[in-house]
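Undergrad: First the structure, which I've put down as structure tokens, then a few questions once you've had a look.
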Amino acid sequence: GIIFSNNKEWVDVRRFALTTLRNFGMGKRSIEERIMEEAEHLLEEINKTKAYFAPASLVSCCVSNVICAVVFGKRYDYKDNKFLGLMNNMNNIFEMMNSLWGQLYQMFSKILVYLPGPHNNIFDEFNALKAFVAEEMKTHQASLDPSSPQDFIDCFLIKMQEEKDQPNSSFHTENLITTTFDLFIAGTETTSTTIRYGLLLLLKHPRVQEKVQEEIDRVVGPSRRPCVADRSQLPYTDAVVHEIQRFIALVPLALPHTVAKDTPFRQYVIPKGTTIYPLLSSVLHDSKEFPNPLEFDPGHFLNENGTFKKSEFFMPFSAGK
């Protein structure tokens, strides 16, 4: 996969994934159109409720379907039992990872893997999710047209075929399953949780919500949907989106990294092979860059004249390679 691999395999698969995702529209208009289409489905589901409702499940389904469109080449109905089972697996995985046992396992996996405890339940959820991806892979193999790949899985299968005679190739069945799994996990939970936190923060700060609405009404108007091209004309809204991510520090402790060579750091030397955990929250809540860092303030990303201000300290999900 990508998340927990390193060295040549990490380089090969990461480069392939980035290229393939770009080809299928990540950062381009085509993915924007997929997002807009899925947003319409979300609004339809919301309108069906006709009452108060908890948005968490619907938002997760919406975000997951955007990932599904790129990775699997299709979307699922929000009431599809197979899709709901997939969503349940992911929710259980993240609940376990965020529990005390999950945190301990991430730090002491070489010991806890041999001990009984609730941390072992996560493997059942991982296996169920991987089984879902494996089933999709078999379906794609049966209908694969090498001259016209339809999604990420098709592209990976073609790459596997091209390198089948290379004994040390990074492109094999296990890596296809784990890479697809990585993309699905990373692309779904972080985005949907950020959106839910954003809704809560806007409810708590109605004046911020009003200013965002005023800016969108002025720039976009009521007759069309907003698009990425509008971003440069929406500095306050852009600042609010950044401030939501900075304030919540959704991933306070980044994924573990391995030191590639002996590295001097202050009065210490970190030996090659050492596992380190970047503490992202210490950067996102640095008072030197963000005055009053524990306060929600879109001004952290605005210049005095109201234009958007970039910050090198903005790293909400990861740092390093």
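Undergrad: What order do you get for 190-201, 255-266 when each peptide is scored by the mean count of other beta carbon atoms within 10 Å, highest first? Walk me through the numbers before you get to the answer.
TA: Working: 190-201: 17.0, 255-266: 11.3.
Order by mean packing, descending: 190-201, 255-266.
Undergrad: Full-extension gain between GLN233 and ALA39, please, as 0.36 nm times their residue separation minus the C-alpha to C-alpha distance. Please report the intermediate quantities before stating the final value.
TA: Working: separation 194, 0.36 × 194 = 69.84 nm, distance 2.15 nm.
So the extension gain works out to 67.7 nm.
Undergrad: Between ALA51 and ASP217, what length comes free when the chain is fully extended (0.36 nm per residue of separation minus the Cα-Cα distance, one decimal in nm)?
TA: So the chain would gain 57.2 nm between ALA51 and ASP217.
Undergrad: Only helical DSSP H runs with n ≥ 4 go in: add -39500 (n - 2.57) per run for the chain, normalise by residue count and round the 222 nm mean residue ellipticity to 500 deg cm²/dmol.
TA: On the way: 12 runs with 182 residues, N = 321.
Here the helix-only value at 222 nm equals -18500 deg cm²/dmol.
Undergrad: Taking square-rooted eigenvalues a ≥ b ≥ c of the alpha carbon gyration tensor, is region 201-250 rounded, prolate or oblate, where a/c under 1.5 means rounded and, failing that, a/b exceeding b/c means prolate?
TA: oblate
Undergrad: Now, a different point. Please report, ordered by residue number, every helix of the chain (full DSSP H runs) that is 18 Å or longer along its axis going by C-alpha atoms and whose mean Kyte-Doolittle hydropathy reaches 1.0.
TA: Span-like helices here: 56-71.
Undergrad: Nearest 20 debye, what's the magnitude of the dipole of the chain about its Cα centre given +1 on Lys and Arg Cβ and -1 on Asp and Glu Cβ? Don't jump to the answer; show the numbers that get you there.
TA: On the way: 34 positive and 39 negative charges, 98 e Å.
The calculated dipole for the chain is roughly 460 debye.
Undergrad: Quick one: P(r) of the chain from all Cα-Cα pairs, 10 Å bins, percents rounded to integers, in order of increasing distance.
TA: In whole percents, the pair-distance histogram is 5, 20, 31, 27, 13, 3, 0.
Undergrad: At most 15 other Cβ atoms within 10 Å and a DSSP loop assignment: could you name the chymotrypsin sites (Phe, Trp or Tyr not before Pro) in region 90-176 that fit?
TA: Answer by residue number: PHE108, TYR114.
Undergrad: Can you classify region 114-262 as rounded, prolate or oblate using the Cα gyration tensor, where a ≥ b ≥ c are the square roots of its eigenvalues, rounded means a/c under 1.5, and otherwise it's prolate if a/b beats b/c and oblate if not?
TA: Since a/c reaches 1.5 and a/b is larger than b/c, the shape of region 114-262 is classed as prolate.
Bear in mind these aren't lab numbers, they're just calculated from the coordinates by the rules spelled out. In this text the structure is predicted, and so the values were computed from the model without any measurement. Neighbour counts run over all protein chains shown; Cβ positions are idealised from the backbone, glycine included.
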